[in-house]
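The structure under discussion appears below in the form of structure tokens.
The values are calculated or read from the model by the stated rules, or taken from the named source; none is laboratory data. Note that the structure is a prediction, hence the values are computed from the model and not measured. Because the Cβ atoms are built from the backbone with ideal geometry, glycine has one as well, and the counts that use them run over all protein chains shown. Surface accessibility is based on the protein's heavy atoms, side chains included, excluding ligands, DNA and RNA. Shrake-Rupley method; radii C 1.70, N 1.55, O 1.52, S 1.80 Å.
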Amino acid sequence: MYGWTGRILCVNLSEKKTSVWKYPEEWAVNFLGGRGLAVRILWEFLPKGTDPLSPHNILVLAAGPLTGTSFVNSGKLVVAAKSPLTNGYGDGNIGSWVAVQLRRAGYDAVVIEGKATKPSYIYIEDNSVEILPADDLWGLDTWEAEKRLKEKHGKDSGIVLIGPAGENLVRYATMISQEGRAGGRPGIGAVMGSKKLKAIVVHGTNEVKVREPSRLKKLFTKATMDLKSNPQYSFWLRQGTMMTIEWSQENSVLPTLNFSEGVFDYASNIDGYSMEKIKIDLRSCPYCVMPCGNVVKDYENKPSELDYENVAMLGSNIGLPDLGKIAVLNRLADMYGIDTISLGNVLAFYTECTQKGLIETEKMEWGDYETYKDLVEKIAYRKEEGNLLAEGVMRVSKHLGMNSYKFAMHVKGLEISAYDCHAAPAMALAYGTAAIGAHHKDAWVIAWEVKVNRFSYTREKAAKVIELQNIRGAFFESLATCRLPWVELSLDLKYYLEALEAATGLQYTLDDINMLGERIYTLIRAFWIREYGNWNREYDIPPPRWFEDPLLKGPLRGSKLDTEGYQKLLDYYYELRGWDNNGVPRLSTLRKLGLEFVEPVLAKITSLSE
Ligand code: PTT
Ligand code: SF4
């Protein structure tokens, strides 16, 4: 086998045992790596109904066939587990040297189960794997702990780790790497914390074996030249994802005051140009040729790495108009290891609840920086009201009851990322049907939707969501490389197919990629159904706010989603996916995609249509 190492490292923390598993070649060919491999592993080995915070949950770190080959922007890794936030499939994609080092060490993935008796970390150096004590690291923030691990194991170590939020089982705790890379929105950091696992440190000394090394090198050079000659390249280096603030404001999709509006009066204070004024550095994931890690000096004169999502969720969505202060909240989130998107949702939801008198506490004002800063710490340490807020919007809303569910902005328990959908039905569908709950990574259809008719509910829109989910949510997540060269600088998909062929010797066509998407999406859907049991289409519907409370400001004032229209979109979506009208995959679809092994499990839970 070329491209893949064919080996998965298995670590059982309870038994303090490690082993190497040579996984079936068919898994590599049909699921590629990253997300595809992760869900295949979870389906096979995670006992149905596992409590996500119990030792039985399985944590998967999965690279892809191009990782570590130095192909453009290939230093990415998927981290997955059953999510403590959603109780369904959860993952994230993190840029980290762990991705590269893991493959150099000879593994495509690491699978971690069990629970250590005391704080520990895993140290991997090629075939040598140790479970080491982490008592002196437990309690430290991610920056300090990573610094100490580097002092001990060398600067070039790949390290992913958690902060106090993961240790304290905040349900939206993430993994952090390199101080500003975060991955695993649906609480993958809490899964690590529940296993008393502070960090994973990796060193590899081998080269990843590819079929045609010189062809891959040539492709890398050509792709780099293509990217660098794109007219947008220099502006990308200036602003990266931060350019999206201006775009979102212009298109009335900038999440504002808990997703009640799509425009923010102070958008220009927090956009890419304001960011450029306080920018001090530019960082990147490994092997990146178009770096986008904009580091700014924050309000407390410390470095903080900003992205669009962080700024929109901790800025306009909580009514905070000062980029330096937003950067402080963002830095704290990185140091504690909390997902910024969920955090921005929780803070906004809490503010609105106090304003509506649903919580017996002083009424909060939008943009109240000091209180927000205080709350971030309370959440990380589960202190006072932070203990409830650490549960995430869905559980806080269930706890408070009344009408709070109407403005609790999540799908399946995962808080919504930074695009308002009052006037974007396809994007609402993308959130409704994304693989992990409301995240934009699978289908960022909004860029296309604002150019076509924003208010229509057509079959074409459902088809576009699926097309993007298959390419972004399945192909890129399973290659595990960064998708931004394709999204932002139009790098042709054919490069990736050629690179795959040069690495593995296998020819994948665009049709194969589409099929891969159908297979991975359908298996992920089966996983949700298996874990939920009582599946129904209600789980695929975004919160009532977008259907009931129209926009009050901006050029699209008065807009809201149409309930019937959305149901129609969902019908089209299910039909095109080959799922029944409850969103359950049909037998014929399972068979077409080679997912027959799913059949007996689902058949015990629900009736399967032909
Ligand atoms: C991703 C989500 C995003 S998506 C952002 S900003 W974005 C937030 N970043 C956070 C952060 O930072 N700190 C923190 N404590 N929490 C954060 N939560 C949010 O997490 C990220 C980039 C970005 S920046 C994007 S769009 C692209 N995402 C990719 C993806 O998902 N897949 C892929 N194949 N390539 C991608 N390339 C881009 O990567 P999650 P990163 Mg991320 C500080 O983690 O769980 O997937 O959620 O990985 O290395 O930080 O790179 O405007
Ligand atoms: Fe990482 Fe940004 Fe480069 Fe993608 S474009 S690899 S997210 S630095």
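Note on region 317-363: residues that are over 19 Å from Phe407 (Cβ atoms) and either among the aromatic types (Phe, Trp, Tyr) or not in a loop (DSSP other than H, G, I, E, B) (or both) amount to 16. Counting the residues of region 170-206 that are of a type in the set (D, E, K, R) and more than 9 Å from ligand 1 (Cβ to nearest atom) gives 4. Of all residues being more than 15 Å from ligand 2 (Cβ to nearest atom) and among the charged types (D, E, K, R) in region 165-184, which is most open to solvent (accessible area, probe 1.4 Å)? Just the residue, please. So, considering only residues that are more than 15 Å from ligand 2 (Cβ to nearest atom) and among the charged types (D, E, K, R), the one most open to solvent (accessible area, probe 1.4 Å) is Arg171.
Considering each of Gly189, Gly180, Gly154 in turn, give the residue that is out of contact with any Pro (no Cβ under 9 Å at 6 or more places or on another chain) and either closer than 24 Å to Pro84 by Cα or of a type in the set (Asp, Glu) (or both).
Gly189
Restricting attention to region 472-493, which residues are within 11 Å of ligand 2 (Cβ to nearest atom) and among the aromatic types (Phe, Trp, Tyr)? Within region 472-493, Phe476, Trp486 qualify. Take the residues in region 118-133 that are of a type outside the set (D, E, K, R) and in contact with a Ser or Thr (Cβ under 8 Å, 6 or more places away or on another chain), then tell me which one is surrounded by the most Cβ atoms within 10 Å (Cβ to Cβ). Ranking the candidates gives Val129 first.
Which strands (runs of 3 or more DSSP E) sit wholly inside region 81-169 and have at least 1 residues that are away from ligand 1 (no atom under 16 Å from the Cβ)?
Output list reads 109-113, 120-125, 128-133.
If you go through region 139-185 and keep only what is of a type in the set (S, T, N, Q) and under 16 Å from Pro119 (Cβ atoms), you end up with Thr142, Asn168.
The numbered conditions (1) open to solvent by less than 20 Å² (accessible area, probe 1.4 Å); (2) within 15 Å of ligand 1 (Cβ to nearest atom); (3) touching a residue at least 40 places away in the same chain (Cβ under 8 Å) are all true for Asp271 except (3). Give me the residue from region 92-117 that is under 19 Å from Glu167 (Cα atoms) and more than 16 Å from ligand 2 (Cβ to nearest atom) and, out of that set, surrounded by the fewest Cβ atoms within 10 Å (Cβ to Cβ). By that ranking, first place goes to Thr117. Taking the criterion of being over 17 Å from Gly437 (Cβ atoms), assigned to a loop (DSSP other than H, G, I, E, B), modelled with pLDDT of 95 or more and open to solvent by 20 Å² or more (accessible area, probe 1.4 Å), would at least one residue in region 564-579 satisfy it? There is no residue in region 564-579 that is over 17 Å from Gly437 (Cβ atoms), assigned to a loop (DSSP other than H, G, I, E, B), modelled with pLDDT of 95 or more and open to solvent by 20 Å² or more (accessible area, probe 1.4 Å).
In the set Val296, Val289, only one residue is within 16 Å of ligand 1 (Cβ to nearest atom), buried (at least 24 other Cβ atoms within 10 Å of the Cβ) and either of a type in the set (S, T, N, Q) or not in a helix (DSSP H, G or I) (or both); that residue is Val296. Could you list, in sequence order, all residues of region 377-430 that are within 16 Å of Asn258 (Cα to Cα) and assigned to a helix (DSSP H, G or I)? The answer is Leu389, Val393, Met394, Val396, Ser397, Ser404, Tyr405, Lys406, Phe407, Ala428. Ile359 satisfies every condition listed in (1) over 30 Å from Gln101 (Cα atoms); (2) in contact with an Asp or Glu (Cβ under 9 Å, 6 or more places away or on another chain); (3) within 16 Å of ligand 2 (Cβ to nearest atom) except (3).
Every residue, every condition in (1) touching a residue at least 24 places away in the same chain (Cβ under 8 Å); (2) open to solvent by less than 20 Å² (accessible area, probe 1.4 Å); (3) closer than 21 Å to Pro65 by Cβ, yes or no:
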site: Gly163; (1), (2), (3): yes, yes, no
site: Val191; (1), (2), (3): yes, yes, no
site: Lys196; (1), (2), (3): yes, no, no
site: Arg211; (1), (2), (3): yes, no, yes
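When Leu237 is tested against (1) outside any helix (DSSP H, G or I); (2) within 12 Å of ligand 2 (Cβ to nearest atom); (3) open to solvent by 30 Å² or more (accessible area, probe 1.4 Å), exactly one condition is not met: (1). Go through the residues of region 510-521 one by one and say whether even a single one is open to solvent by less than 20 Å² (accessible area, probe 1.4 Å), under 19 Å from Leu216 (Cβ atoms) and small (Gly, Ala, Ser). Within region 510-521 (the criterion being open to solvent by less than 20 Å² (accessible area, probe 1.4 Å), under 19 Å from Leu216 (Cβ atoms) and small (Gly, Ala, Ser)), the answer is no, since none of the residues qualifies.
How about region 60-80: which of its residues are at positive phi and more than 13 Å from ligand 1 (Cβ to nearest atom)?
Within region 60-80, Gly68, Ser70 meet the criteria.
When each of Ala503, Ala480, Ala499, Ala462 is tested for being open to solvent by less than 50 Å² (accessible area, probe 1.4 Å) and either under 23 Å from Leu576 (Cα atoms) or in contact with an Asp or Glu (Cβ under 7 Å, 6 or more places away or on another chain) (or both), the lone residue that passes is Ala462.
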